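One structure is given below, encoded as structure tokens.
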2 protein chains.
Amino acid sequence: MATRSQRADALSKERIVEAAIEILDTEGESALTFRALTARLATGSGAIYWHVANKNELLAATTNDVIARVMTVGDAEPHDAIRAIALGMFDAIDAHPWVGAQLSREPWQLAMLRIFEAVGGPLRRLGVPERAQFNCASALVNYILGVAGQNAANARLVTAGTDRTAFLGGLADQWARLDAEEYPFVRQIAAGLPEHDDREQFLAGIDLILAGIDALIP
Amino acid sequence: MATRSQRADALSKERIVEAAIEILDTEGESALTFRALTARLATGSGAIYWHVANKNELLAATTNDVIARVMTVGDAEPHDAIRAIALGMFDAIDAHPWVGAQLSREPWQLAMLRIFEAVGGPLRRLGVPERAQFNCASALVNYILGVAGQNAANARLVTAGTDRTAFLGGLADQWARLDAEEYPFVRQIAAGLPEHDDREQFLAGIDLILAGIDALIP
DNA sequence: CATGGACTGGAACGTTGTTCCAACATGGAC
DNA sequence: GTCCATGTTGGAACAACGTTCCAGTCCATG
């Protein structure tokens, strides 16, 4: 009943996904084309399409691959467990910015369910009422995905231009020159932009939501 | 010194943006091509490129146009003001799902600054310490953008397939069939999926963050 | 050794964003 | 009234992309 053994040098979905991740990581989202893949794998597009339905499926597979490596649920105290998951996601997306873009493109894939599941356990252990668990998990996941998307977009802009601090400095200048009547808040924020830490700010948001969740516990 | 008067029938960036929004709303993101635009405006691509640098700028302009219409800051009580802004964003993205996708693609455009500004005012009035204002605004904006992105992606899936309830029902079935050991939380959630209200859940998330923010106020 | 299904490589197709340019319109200078 | 410089237009052309198609190659099995 087992499939007959394959060729020794056979291409496989795993090898294709692996090559795709390498291209995405080293050259960015726009560099992942079937032509680049055929070149790297020294094959033709037909061979790739034999293992993978289309580019969407390929991207979903790469995303799932990266997320699965990160989503390990520990048995830490619930708050810390959620922080660990969130930071794991943040770091994964920091290392592979294209994941952020992909997660907001095709939802309800395995990758997103993994995140939901990882967050759901600690929420239960925290004593959140069952009716509210879906809302709380959804808030956390949507916040994480929002940051993920922004980070992905930022990475696109920064690699395209110069280095990060110069980029932030330019942005701050630009904000500071906005109309004082119309954008007072943005101008105030601009001052602190260059030395602001994305990761720290991300965690502050998680803690904000966690504080809100705590208020729900009877 | 003023530019000499233009032709009476002149194309303009406004007319192009308007036509683009019409195409996006009625036929979806994938239908917005320069060829579709030239057909609708009865012109050539060169004429469009005279007014618009490229497709990215066109999309940024359409997004800014839609957001600007929504971002009116009232003088309501701060919590309600933030809820109003958030719901305005939600409804705008519900009506124009492509906006959600665009916001997570090209950040730091005018559209995002408008949202930051709209949220910043109420945060100040709420008495949030200045050091924490950036973090709070960022949490709210990122959450909103996360939901926006997911809604955009969902809209893509639902219009492609059947109606919404059937889609959610199918999704719930799929979730309920997941491995019981690996996905207990997702399976539990699946039961409530068909009758769940996106808008209500979105607002619940906003309230969660607002509750967390309240805890910061001295 | 022959067979047939698993698998491969590459040519080809249709569509996209973008560029380029010859032509047209218009209002001020003469 | 004529003419020209500038602003604007329409469409042909290009390169790159995702995808399809198919003739051919490989190899466990009969």
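The values are calculated or read from the model by the stated rules, or taken from the named source; none is laboratory data. Every value quoted in this text rests on a predicted model; they were computed, and no experiment measured them. Because the Cβ atoms are built from the backbone with ideal geometry, glycine has one as well, and the counts that use them run over all protein chains shown. All accessible areas refer to the heavy atoms of the entire protein, side chains included, with ligands and DNA or RNA removed. Shrake-Rupley method; radii C 1.70, N 1.55, O 1.52, S 1.80 Å.
Per q in 0.11 Å⁻¹, report the Debye log10 I(q)/I(0) for the protein assembly as shown, using one uniform scatterer on each alpha carbon and no solvent. Computed log10 I(q)/I(0) values: -0.93. Multiplying each eigenvalue of the alpha-carbon gyration tensor of segment B:109-182 by 5 and taking the square root yields semi-axes of 37, 17, 9 Å, largest first, rounded to whole angstroms. For chain A, the longest principal axis of the C-alpha atoms and the axis of helix A:78-95 are separated by about 60°. The mean number of partner chain beta-carbon atoms within 10 angstrom of a residue's beta-carbon across peptide A:189-200 is 2. Placing a label point 7 Å from Cα along the Cα-to-Cβ axis, A:THR72 is separated from the same position in the other copies by 5.4 nm, shortest listed first.
Annotation for B:SER30 and A:TRP108: the two label points, set 7 Å from Cα along the Cα-Cβ direction, are 1.6 nm apart.
Between A:LEU193 and A:ASN56, the FRET efficiency estimated from the beta carbon spacing at R0 = 51 angstrom works out to 0.90. Nearest to the axis that brings chain B onto chain A is this chain B residue, judged by its Cβ, with the distance in whole Å: B:GLY146, 1. Expressed in Å, the radius of gyration and Dmax of the Cα atoms of segment A:9-131 are 16.9, 55.
Position B:GLY192: other-copy label points at 3.4 nm, ordered by increasing distance, label point 7 Å along Cα→C-beta.
Its relative contact order, with pairs defined as Cα atoms under 8 Å and 6+ residues apart, puts segment A:1-158 at 23 percent. Each other copy places its own label point for B:GLN174 at 3.7 nm from this one, sorted shortest first, where the point lies 7 Å along the Cα-to-beta carbon line.
Sequence-ordered 3J(HN,Hα) estimates for segment A:27-36 from the Karplus curve with 6.51, -1.76 and 1.60 and θ = phi - 60° stand at 10, x, 4, 6, 7, 7, 10, 5, 5, 5 Hz, glycine and proline given as x. Karplus-based coupling profile of segment A:165-182, in residue order and whole Hz: 5, 4, 4, 5, x, x, 4, 4, 4, 4, 5, 5, 8, 5, 4, 5, 6, 8, with θ = phi - 60° in 6.51 cos²θ - 1.76 cosθ + 1.60 and x standing for Gly or Pro.
Backbone phi angles across segment B:183-189, fed through the Karplus curve with coefficients 6.51, -1.76 and 1.60 (θ = phi - 60°), yield HN-Hα couplings of 10, x, 5, 4, 5, 5, 5 Hz in residue order; Gly and Pro are listed as x. With a simple spin-label model that places each label point 7 Å from the Cα along the Cα-to-Cβ direction, the separation between B:LEU87 and B:ALA68 comes to 2.6 nm. Per residue, chain A reaches -23500 deg cm²/dmol at 222 nm when only DSSP H runs of four or more residues are counted, each adding -39500 (n - 2.57).
Taking 60 Å as R0, compute the FRET efficiency from the Cβ-Cβ separation of B:LEU171 and A:GLU181 and round it to 0.05.
The pair B:LEU171/A:GLU181 has a calculated efficiency of 0.80.
Report, to the nearest whole %, how much of the accessible area of the protein assembly as shown belongs to carbon and sulfur atoms, 1.4 Å probe, protein only. Don't skip to the answer; put the middle values down first.
Details: 10860 of 20910 Å².
Ligands and nucleic acids excluded, carbon and sulfur give 52 percent.
Once the mean of 1/r is taken over each pair of separate Cα atoms and inverted, chain B shows a Kirkwood hydrodynamic radius of 19.8 Å. The lysines within cross-link reach of B:LYS55, meaning a Cα-to-Cα straight distance under 29 Å and a gap of 8 or more places when in the same chain, are A:LYS55, B:LYS13.
Accessible surface area normalised per residue over chain A is 48 Å², counting heavy atoms of protein chains with a 1.4 Å rolling probe. Note on A:ALA215 and B:ALA42: with the Förster distance fixed at 45 Å, the Cβ-Cβ geometry gives a FRET efficiency of about 0.20.
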